[in-house]
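Since every read-out is calculated from the coordinates, none of them should be taken as a lab result. All values reported here derive from a predicted model rather than from experimental measurement. Positions of Cβ are backbone-derived with ideal geometry, glycine not excepted, and every protein chain shown enters the neighbour counts.
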Amino acid sequence: MDRFTFYRLLGEAVYRVDGAYDAISRNIGVKPSLLWMLSALNDGRQHTQTQLCWDWNYPRTTVNTLVKELEKSGYVTLHPVPGTKRELYVELTGAGKAYADEILQTVYDAEDRLFRQYFRDHDMEFVHQLNEFSNAMKQFFSEAGNTQEEKEQENHES
């Protein structure tokens, strides 16, 4: 398989996965970005807005908007990260945990059925490899984009 075919097939697969989550979010009546945010926050760990941006590849403005909406509804609280000036932990409240569990139950049920059916005959190692690959891809592509921007800026300055 050549590079072009590889990345084309990878992109199609990734967008089908993303599209499946978009479809289930529409079926349960929430925005896809809210679904992902609730999923991220409902894992029992602490998260900063910066971590949420990196992990879920959302712009800071999107994360900030979602956090403000959830805070206004009483579903999250914000706590300062010790040793930083502006970074905040985002944490689900009791009401937020109940809301997330309610919203995500349909997703968890569908994921559970798919997991039991698909992984009956498949190795889960590909998920670990895909995660490693996606982190490397994000890093390589981010660097490539920055390099190109720097080149364009140098060309404008000369």
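Residues considered: 40, 13. Of these, the only one that is touching a His at 6+ places or on another chain (Cβ under 8 Å) and under 21 Å from residue 131 (Cβ atoms) is 40. Give the residue, chosen from 61, 48, that is surrounded by fewer than 16 Cβ atoms within 10 Å (Cβ to Cβ) and over 28 Å from residue 109 (Cβ atoms). The conditions single out 61.
Scanning the stretch 101-119 for residues that are among the hydroxyl-bearing types (Ser, Thr, Tyr) and either loosely packed, with under 11 Cβ neighbours inside 10 Å or within 18 Å of the chain's Cα centre (by Cα) (or both) yields 108, 118. The set of residues from the stretch 50-109 being under 20 Å from residue 22 (Cβ atoms) and charged (D, E, K, R) comprises 55, 69, 102, 109.
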